[in-house]
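The values are calculated or read from the model by the stated rules, or taken from the named source; none is laboratory data. All values derive from a computational prediction rather than experimental measurement. Cβ placement follows ideal geometry from the backbone for every residue including glycine, while neighbour counts extend to all protein chains displayed.
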Amino acid sequence: MAEGLELVRTGLAAGAVPESVYLAAEGSGDRAATAVAAQAEALGVRVYELGAGVMARVADTVTPQPLLAVFPMVEPELEVASGGDLAVVMVDVRDPGNAGTVLRTADAAGAAAVVFCGGTVDPYNPKTVRSSAGSLFHVPLVVVGDPAAALGQLAALGYRRLGTVVRGGEDYALVDWRRPSAVVLGNEATGLPAGLPLDAEVGVPMVGRAESLNVGMACAVLCFEALRQRRLGSPAALGTMPG
């Protein structure tokens, strides 16, 4: 379920055809909303005009937007495709907002795939869809139940598997992100489970009193350092992670 004008418009622009579109009564006078509804209708999609107050009862948000669409779920990939430089893996990430932010960040940083595994929230959770801001339609999704199996696939494709930790990991700015790398993110409260087949651990040094970064924020810091290095050609400092 995609709620909101921009999300529905992004889905249509990405070539996804909704099963149905719903236009709120208060949206009938909204030019942008009616234009997107007409775009969907031109594709043969049934558009339903709702009565007053109906959208508020069926939408997931507290303050619903005037347009809602139901898209068919994209069949997730079973494996990461070869040839990428960056992948993001979520292991037991439970918060749908965090998962959506990770999708959006991975899309913006040019990741080849986002892997959902180990109890991670459903990528089609309504809040995840909203938080992805349309990136759900852009980034290849891979769903693998067993984290070790997912990380094994990545190793076979030549990805270095870098687990994120709060303390004790290699400074992310010293890592050579020009090599194919997989950022592995763990549970918001407990982090990554022990025993995962990782090649190294990385962290973001902090000088303030905050205990840690939010999962989505940590993903953004690491992914954009990887993008910066691929664009400019070097780590932030002279040292680089061995191996």
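Odds and ends about this structure:
- For V129, the stated conditions hold: it is at pLDDT 90 or above, more than 24 Å from G191 (Cβ to Cβ) and β-branched (V, I, T).
- Just so you know, in segment 1-53 the residues that are polar (S, T, N, Q) and out of contact with any Asp or Glu (no Cβ under 8 Å at 6 or more places or on another chain) include one that is farthest from L136 (Cα to Cα), and it is T34.
- Here D107 passes the criteria (1) loosely packed, with under 15 Cβ neighbours inside 10 Å; (2) in contact with a Ser or Thr (Cβ under 6 Å, 6 or more places away or on another chain) except the one numbered (1).
- The listed residue being farther than 23 Å from P123 by Cβ and among the small types (G, A, S), out of A35, A14, A40: A35
- Those helices (runs of 4 or more DSSP H) lying entirely in segment 1-103 with at least 1 residues exposed (fewer than 14 other Cβ atoms within 10 Å of the Cβ) and under 24 Å from the mean Cα position of the chain (by Cα): 5-13
Here is a yes/no grid of residues against (1) among the polar types (S, T, N, Q); (2) buried (at least 19 other Cβ atoms within 10 Å of the Cβ):
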residue: S135; (1), (2): yes, yes
residue: L141; (1), (2): no, no
residue: V144; (1), (2): no, yes
residue: L151; (1), (2): no, yes
residue: A155; (1), (2): no, no
residue: R161; (1), (2): no, yes
residue: Y172; (1), (2): no, yes
residue: S181; (1), (2): yes, yes
residue: V204; (1), (2): no, no
